[in-house]
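Nothing in this text is a laboratory measurement; each read-out follows from the coordinates by a stated rule. The structure presented is a predicted model; accordingly, all values stated were derived computationally and were not measured. With ideal geometry, Cβ positions are generated from the backbone for all residues, glycine too; neighbour counts draw on all protein chains shown.
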Amino acid sequence: MKICLINNLYKPYQRGGAETVVESTYQALIKAGHDCFVITTTPDEQRFGPKIYYLQSKYYNLNKYNSFVRFWWHLNNLFSYNTPNKIKGIIKTEKPDLVITHNLMGLGFQTPRIIKDLGVKHFHILHDIQLVWPSGLMYYGQEKKINTIYAKVYQAITKKCFSYPEKIISPSAWLLRLHQGKNFFSTAKTQILPNPIELETITERKKQHEPFSLLFLGQIEKHKGIELLLSAFQKLEDTKFYLRVAGAGSLSEKLQKKYQATNLKFLGRVKKEELPALFAKSDLLILPSICYENFPVSLLLAASFNTPSLASDLGGASEIIKEYGGLLFSPQSEEDLIKKIKHSRDNWSQIKIRTDYIAALNPESYIKNLLK
């Protein structure tokens with residue numbers, strides 16, 4: 001089968017979990033014998049490769065523009081056929097049997113209609129709440145904003161734009177419920193399918209480190225709760241804990257200057273091949289997000305390496321912890337975060353991980369469930 005994957009970011013412009021899912025899906029499809037190509041964006045000049053089509057877009061640098069420019073950019077993303085027509089041309093040339101779309105912010109929300117008009121089978125995979133709120137982010141304590149008049153007008157438009165896919169896939173039940181509660185996808189088939197993960201061999205739990213070794217793995221951005229974690233870490237006894245911060249983002253330089261200690265190390269962006277060694281040195285992954293996330297890949301990675309996780313009790317993160325093991329703390333509560341870190345150190349060997357569940361999330365199984 002010939003399959004087209006469409007996502008707003010792809011290597012070398014990847015940032016988060018959605019791009020990891022797309023890359024993993026692409027590799028698994030190729031391995032399974034399918035002919036596959038990708039349509040994505042670039043902040044530079046448009047260019048076409050043999051398997052990747054890069055369409056020019058401001059999306060990658062959107063956060064650098066002022067609110068006025070972003071407002072008009074979002075209007076264009078909702079209604080313009082400029083980029084969707086470029087996608088139409090590619091699809092007409094390539095003639096795929098199936099199009100699987102992911103995040104379409106930056107590629108145009110008229111793309112599903114274009115795909116429908118071409119008569120090509122179309123599946124759409126959810127990654128965040130960008131159809132409910134333009135930024136795709138909803139911070140804890142700001143839940144009312146998705147019920148405002150502005151939000152309802154936006155949702156009425158996106159609801160129509162995404163009424164065309166034949167199937168909607170959501171990695172978490174939480175994210176699907178949120179959309180269906182606002183009457184999205186009333187005519188489409190829906191499927192809850194956890195994101196794929198490339199597994200290392202799952203081994204027995206390693207010996208606990210001294211000092212107790214904490215790991216943050218993700219974007220160094222406000223919504224990831226990194227500032228909450230660093231503030232809490234300062235209040236722990238420095239001889240009993242060590243923290244590694246792996247990732248990059250707009251706050252990297254500022255936080256490295258503000259937080260300096262012998263038991264704290266900023267690693268920058270880490271490569272996939274570096275993860276086994278990184279998790280081997282870590283006792284606890286911490287996901288301190290202060291926003292609702294769909295299905296954080298870092299929690300699955302930790303479980304695949306038999307490393308316990310401690311996460312904010314929000315959205316899809318709560319689902320993963322309850323399903324695959326680990327601990328939760330009250331969102332944005334520094335006091336509870338400190339309490340649960342100490343509890344994790346003192347009861348580390350008793351924290352259970354469902355490695356049997358994790359083993360079922362390999363890309364090959366994901367592809368079979370996605371295409372059935």
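Details
- Karplus (6.51, -1.76, 1.60) ³J(HN,Hα), θ = phi - 60°, over segment 110-125, in Hz, Gly and Pro reported as x: 8, 4, x, 5, 4, 5, 4, 4, 7, x, 9, 4, 9, 10, 10, 10
- Sequence-distant contacts, meaning Cα pairs under 8 Å at least 6 residues apart, place the relative contact order of segment 159-264 at 23 percent.
- Rounded to the nearest Hz, the phi-derived 3J(HN,Hα) couplings of segment 210-218 under the Karplus curve 6.51 cos²θ - 1.76 cosθ + 1.60 (θ = phi - 60°) are 9, x, 4, 9, 9, 9, 10, 10, x, where x marks glycine and proline.
- Residues GLU143, GLU204, sorted so that the one with the fewest Cβ neighbours within 10 Å comes first: GLU204, GLU143
- Here the residues THR307, THR111, THR148, THR355, ranked from fewest to most Cβ neighbours within 10 Å of their Cβ, fall in the order THR148, THR355, THR307, THR111.
- 3J(HN,Hα) from dihedral phi, segment 250-258, Karplus parametrisation 6.51/-1.76/1.60, rounded to Hz, x for glycine, proline: 5, 9, 3, 5, 4, 6, 5, 6, 6
- DSSP beta bridges fully contained in the chain are about 10 percent antiparallel.
- Counting only residues at least eight positions apart within a chain, or on another chain, the lysines with an alpha carbon under 18 Å from that of LYS207 are LYS240, LYS281, LYS342, LYS352.
- Of all DSSP beta bridges in segment 212-358, antiparallel share, percent nearest 5: 5
- Once Rg and the Kirkwood radius are both taken over the C-alpha atoms of segment 2-193, their ratio Rg/Rh works out to 0.94.
- Proximal lysines to LYS182, defined as alpha-carbon separation beneath 20 angstrom and excluding residues fewer than eight positions away on the same chain: LYS144, LYS145, LYS152, LYS159, LYS160, LYS167
- Three-way shape call for segment 6-45 based on the alpha-carbon gyration tensor, with the a/c threshold at 1.5: oblate
- Cross-link reach list, aspartates and glutamates versus LYS116, counting only Cα pairs under 13 Å and skipping chain neighbours closer than eight places: ASP97, GLU166
- Once C-alpha pairs closer than 8 Å and six or more residues apart are averaged by separation and normalised to the residue number of segment 1-88, the relative contact order reads 24 percent.
- Theoretical ellipticity at 222 nm over the chain - DSSP helices of four or more residues, -39500 (n - 2.57) apiece, nearest 500: -10500 deg cm²/dmol
- Residues SER282, SER231, SER349 arranged by fewest to most Cβ contacts within 10 Å: SER349, SER231, SER282
- Amide H partners (placed H, <5 Å) of ALA311, local residues excluded: LEU287, LEU327, LEU328, PHE329
- Taken about its Cα centre, segment 2-193 carries a charge dipole of roughly 380 debye when the Cβ of each Lys and Arg holds +1 and the Cβ of each Asp and Glu holds -1.
- Cut-off under 5 Å, modelled amide H: who pairs with ILE125 long-range: THR101, HIS102, ILE169
- Taking a ≥ b ≥ c as the square roots of the eigenvalues of the Cα gyration tensor, segment 212-358 is rounded, since a/c falls below 1.5.
- For the chain, the alpha carbon positions stretch 62, 46, 39 Å along the principal axes, listed from largest to smallest.
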